[in-house]
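One structure is given here, and the rest of the page talks about it.
The values are calculated or read from the model by the stated rules, or taken from the named source; none is laboratory data. None of the values given here were measured: they were computed from a predicted structure. Quick reminder, even Gly has a Cβ in these numbers, built from the backbone with ideal geometry, and neighbours come from all protein chains shown. For accessibility, only protein heavy atoms count, side chains too; no ligands or nucleic acids. Shrake-Rupley method; radii C 1.70, N 1.55, O 1.52, S 1.80 Å.
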Amino acid sequence: MSLTPSQVEAYRRDGYVFPIPVMTRDEAASFRAKLEAHERAAGGPIAGNLRHKTHLLFTWANDIARHPAILDAVEQIIGPDILLWGSSFFIKEANSPAYVSWHQDGTYWGLDGSDVVTAWVALADAPVESGAMRFWPRSHTKQHSHTDTFHDNNLLSRGQEVAVDVPEEEGVDVPLKAGEMSLHHVLLVHGSNPNRTNDRRIGFALRYIPTRLAQTKADDFATLVRGQDTFGHFSHEPSPSADLDDAAVAAHARSMGAQVAALYEGTDKTEFRA
Ligand code: NI
């Protein structure tokens, strides 16, 4: 078992739990090195749609998404039959203005339940000054309305902000070391500030759901990472056999099309903007 009973209880009560060590610093550094090898070859930070559902494109990202230590903790939260619905890199470059407004993740996802957990895995140290996430404890018990801002420095898909004033003094900082993760509930209000350090802040956010959930806005895709899927609500995605090979790129494009249809319903967006 990965989480203690009191950690599971804290997740249910507060909407989050951290820090959870899931890999060694060396292992995290080796994943970071693989990401940055791609970035060097591509000539810049991982960008556009490559930042999302990255586990379909790169074998190393698929390995993170299926990491036993991550899945052991997730299983304690949502049970043994687990789909990975999404993955996203949230990278803040050193000394950069990128931030994330206070928001709830599930607002535009179209999933028909809130039993959705995000594992935010740190591939580099994420101290408070790097713009670590901030959580608003116990805010996961209701859906709040949001306003779309599409603000340039906001890393979120629509720049969405929760339409309530979050008392800043109630925000809890979520510093993580490389190789640690946090878990948070899909309705937990959270955000983060700019990175004021000289290193990149690199988080890989994995969105896990129990197989019983369904997508209400589109024919959608997900990756079965543990257990059985007796519901068939999602078409299952293949694992990449080589980084960015034709089959992986095609599977990724198909899945991204479905997620863009769901996330940007009611707008004219045709791809992820950040
Ligand atoms: Ni979020």
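Is it the case that some residue within the range 154-161 is within 16 Å of the chain's Cα centre (by Cα) and hydrophobic (A, V, I, L, M, F, W, C)? Yes.
Every condition in (1) under 20 Å from Gly106 (Cβ atoms); (2) surrounded by fewer than 17 Cβ atoms within 10 Å (Cβ to Cβ) is met by Gln228 except one, and the failing one is (1).
Within the range 101-122, being within 10 Å of the ligand (Cβ to nearest atom) and assigned to a loop (DSSP other than H, G, I, E, B) holds for one residue alone: Gln104.
Taking the range 123-148, which residues are within 15 Å of the ligand (Cβ to nearest atom) and within 22 Å of Gly179 (Cα to Cα)? Residues satisfying the conditions are Ala126, Gly131, Ala132, Met133, Arg134, Phe135. Taken over the range 20-42, residues that are loosely packed, with under 15 Cβ neighbours inside 10 Å and either within 11 Å of Glu180 (Cβ to Cβ) or modelled with pLDDT under 95 (or both) amount to 3. In the set Thr107, Thr118, Thr147, only one residue is open to solvent by less than 20 Å² (accessible area, probe 1.4 Å) and not small (Gly, Ala, Ser); that residue is Thr118.
Failed condition for Pro80, given (1) within 26 Å of Arg254 (Cα to Cα); (2) more than 16 Å from the ligand (Cβ to nearest atom); (3) not in a helix (DSSP H, G or I), with all others met? Failed condition: (1).
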